[in-house]
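Notes to accompany the following structure.
The values are calculated or read from the model by the stated rules, or taken from the named source; none is laboratory data. This structure is a prediction, so every number in the text was calculated from the model and none was measured. Because the Cβ atoms are built from the backbone with ideal geometry, glycine has one as well, and the counts that use them run over all protein chains shown. The accessibility values were calculated without ligands, DNA or RNA, using every heavy atom of the protein model including side chains. Shrake-Rupley method; radii C 1.70, N 1.55, O 1.52, S 1.80 Å.
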Amino acid sequence: MNVEANLLGIAQDGGVPQAGCDCAHCHRAWTDPAYRQFVACLGLVDHTSRQSWLIDATLDFREQLHALQNLAPGCPLAGIVLTHAHVGHYVGLIHLGREVMGRRGVPVYATPRLAHFLRGNAPWSQLVALGHIELRLLTPGADTQLSPHLHLTPLLVPHRDEHSDTLALVVRGPARRLFYCPDIDGWDEWEHDLRDFVAKMDVALLDATFFSADELSGRDLSEIPHPLAADTAQRLAGVDCDVRLIHLNHTNPLLAPGPEREWLAAQGIGVGTFGERWGL
Ligand SMILES: [Zn+2]
Ligand SMILES: [Zn+2]
Ligand SMILES: [Zn+2]
């Protein structure tokens, strides 16, 4: 594989287990580290140009950067692509600053609105001012070349855009294309038809924060809208694409083997696993 994508996390922003939670899934993860899940993140590697990239800088940045460098020794981090300014997707940038790594000029790809947020708010503004990161603007819909063999196209998706807009990404290597969409309010609000869009991809990693509305006791789904995994799977049953569900909330029954996972597999759809990799 000259160009590859590595799945480095599958949990919603807070990870599994989540702070302060002792629900059944979190309890199991507190007691057995095998059930812990890093926050959704994708690593990209071009072995030809000897470079690697992270899609999103999560709360688990430390472990995910280490994992990426283990998977691709000799391919140092050449940049970070950010999808949006929710806590699980950008705060890992803090490791690049002077208190920790003290890196110089790490390219950080972001939309103009997200770049404006980072430049205008501490502590992120300090990363820019001291030259730890170098912001590179992404234009939604326009091709961005990461290396001669690796391109991405950012696409705006509807989401709770408090501090920034939100991107999904189409990543293209020489042979295959991958769609990465960790957060979206709902497929019907998006400008594309999900099934038609996914059918044009080779791999699709999709927001499946909640399996069904049942698991949200005490929270209002209209305040934190996401597609429900059961609905997504019905829309995509049998589609000709390698579909994996990611961004799983700590309440999601897909985190463990059981009838929900079996039902999903019967639709031809899997749950993402840490370390899974695809040649592009
Ligand atoms: Zn998220
Ligand atoms: Zn929990
Ligand atoms: Zn979000």
Per the filter on the range 56-107, residues among the small types (Gly, Ala, Ser), more than 16 Å from ligand 3 (Cβ to nearest atom) and within 18 Å of the chain's Cα centre (by Cα) are 67, 78, 79
Scan of the range 7-29 for residues that are within 16 Å of ligand 3 (Cβ to nearest atom) and either open to solvent by 20 Å² or more (accessible area, probe 1.4 Å) or among the small types (Gly, Ala, Ser) (or both), ordered by number: 9, 11, 12, 14, 15, 18
Going through the range 246-269 one residue at a time, which ones are in contact with a strand residue (DSSP E or B) (Cβ under 8 Å, 6 or more places away or on another chain), in a loop (DSSP other than H, G, I, E, B) and closer than 13 Å to residue 11 by Cα? 247, 249, 250, 251, 252
Scanning the range 10-48 residue by residue, those of a type in the set (Asp, Glu) and under 25 Å from residue 170 (Cβ atoms) turn out to be 13, 46
Give me the residue from the range 68-89 that is in contact (Cβ under 8 Å) with a residue 24 or more places away in the chain, out of contact with any Phe, Trp or Tyr (no Cβ under 8 Å at 6 or more places or on another chain) and open to solvent by 10 Å² or more (accessible area, probe 1.4 Å) and, out of that set, farthest from residue 246 (Cα to Cα). 74
Filtering the range 30-55 for residues that are open to solvent by less than 20 Å² (accessible area, probe 1.4 Å) and within 23 Å of residue 91 (Cα to Cα) leaves a count of 11
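Here is a yes/no grid of residues against (1) without any contact (Cβ under 8 Å) to a residue 40 or more places away in the chain; (2) under 19 Å from residue 21 (Cβ atoms); (3) surrounded by fewer than 17 Cβ atoms within 10 Å (Cβ to Cβ):
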{"residue": "180", "(1), (2), (3)": "no, no, no"}
{"residue": "183", "(1), (2), (3)": "no, no, no"}
{"residue": "193", "(1), (2), (3)": "yes, no, yes"}
{"residue": "199", "(1), (2), (3)": "no, no, yes"}
{"residue": "203", "(1), (2), (3)": "no, no, no"}
{"residue": "206", "(1), (2), (3)": "no, no, no"}
{"residue": "214", "(1), (2), (3)": "yes, yes, yes"}
{"residue": "222", "(1), (2), (3)": "yes, no, yes"}
{"residue": "240", "(1), (2), (3)": "no, no, yes"}
Give the residue, chosen from 221, 205, that is within 16 Å of ligand 3 (Cβ to nearest atom) and not in a strand (DSSP E or B). 221
Of the residues in the range 121-169, how many are part of a strand (DSSP E or B), open to solvent by less than 40 Å² (accessible area, probe 1.4 Å) and among the hydrophobic types (A, V, I, L, M, F, W, C)? 9
